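First comes the structure, then the notes that go with it.
Nothing in this text is a laboratory measurement; each read-out follows from the coordinates by a stated rule. A quick note: this is a predicted structure, and the numbers were derived from the prediction, not measured. No Cβ is skipped: glycine too gets one built from the backbone with ideal geometry, and neighbour counts run over all protein chains shown.
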Amino acid sequence: MKVNNVPTRTIRPDPDHGSVVIIDQTALPHAYREARLASLEDAAHAIRSMQVRGAPLIGVTAAYGLALALSRRDDDATLDTAIATLAATRPTAVNLRWALARMHARLSDLPAGSRAEAAWHEAAKIADEDAEQCRRIGEHGLALLRPLAEKRGRLDLMTHCNAGWLATVDHGTALAPIYAAFDKGIEVRVWVSETRPRNQGLLTAWELKQHGVPFTLIADNAAGLLLARGDVDAVIVGADRIAANGDVANKIGTYLKALAAREAGVPFYVAAPRSTIDFACADGNAIPIEERNGDELRVVQGVDTAGSPGSVRQIPADAAVANPAFDVTPARLVSAIITERGCCPASGDGLHTLYPENSHA
């Protein structure tokens, strides 16, 4: 994808300088800046603080974080400690543990002295695969959306959180079919929900604007009305974990949109790569839900009229708040799951049709 017409990825390695460069997403949408990760601690902080966010990108960042750690010392203790440190950063997104397990399998049997180079190579491989998988998600998702466009002559789509290229290495998951439709000349408009309290919808608006895709930002609570009155052809979201039965964990507020979409008779699609599917997780009840700091709800971040960044406290510091970061949408509310291998029903049988090699899990 492009930033100011320059082809850009969310993360890129610089092994010659022993570092990784990321887009600092905590500065968006008000400012675009990059940050350099030079250590395991930098990578862990970037994931925890949401300088990088989105399940696929978290996994890639963890892989590069392991490469950074092994560049300093590549013995067994460092490998194990680095994996444990990175695994503890975010509990819900399964891509994190998937990437670390793949890195461990690739590196653990190598002799000390050769692990660092192999780690950089494997992390780059994971990144490239993520970009290609997301491109394919775009193609398969477009096949679902095209009949809707032919019916009305245009597409009015709704999304939630940010599951675009900012949440992956490139292309995105939920936004990949939208970009594919737009690039094919289909008239598209996107209803973008703000997604409080972290306002990731503002990142969706930012990247859609970069690509030239028309959008309208809405308050989260406006979604039900738009669905009820027929202003939406389909809802398409990403995922942080998909259980073996098709239940989907995604950013808080997704479940409410799925309920409203079902009531309105609007298709509700989930787009995600294989690394987001957890065949070892029986159903949504087994997915851990991250509870984040209450100040994300108490304090609003933004810029003032002069364009200077700042924060405003909207409720007292001692006010009791709950800040779950995710919810679980039951498989029965999901019209289809879109992956790099194609589309399937949100069910165990559907997922195993696309991934028969995991039928034993």
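Computed quantities for the displayed model
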| read-out | value |
| --- | --- |
| Gap separating the Cα centres of the stretch 205-261 and the stretch 104-127, nearest whole Å | 37 Å |
| Karplus-derived 3J(HN,Hα), 6.51/-1.76/1.60, for each residue of the stretch 287-299, Hz, glycine and proline x | 8, x, 9, 5, 9, 9, 4, x, 5, 4, 8, 6, 10 |
| Per-residue Cβ neighbour rank within 10 angstrom, fewest leading, 103, 1, 50 | 50, 1, 103 |
| Crossing angle, helix 201-211 versus the chain [Cα axis fit, 0-90 degrees, rounded to tens] | 90 degrees |
| Choice from 77, 336, 260 with maximal GNM fluctuation in the chain (Cα, 10 Å cutoff) | 77 |
| Lys/Arg +1, Asp/Glu -1 at C-beta; the chain dipole; positive extreme among 342, 188, 328 | 188 |
| Top of 125, 151, 251 by mean-square fluctuation, Gaussian network on the chain, Cα under 10 Å | 151 |
| For the chain, size of Cβ-based charge dipole, Lys and Arg +1, Asp and Glu -1, in debye | 760 debye |
| Largest-first principal axis extents, alpha carbons of the stretch 2-129, Å | 45, 31, 24 |
| Degrees separating the helix 55-72 axis from the principal Cα axis of the chain, which is the longest one | 10 degrees |
| Exposure proxy order (Cβ contacts within 10 Å, fewest to most) of 78, 92, 168 | 78, 92, 168 |
| The stretch 137-291: C-alpha gyration tensor shape, a/c 1.5 cut-off, then a/b vs b/c | rounded |
| For the chain, built as a Gaussian network whose Cα springs stay under 10 Å, the top-fluctuating residue of 321, 300, 237 | 321 |
| Order of 182, 326 under a 10 Å beta carbon neighbour criterion, fewest first | 182, 326 |
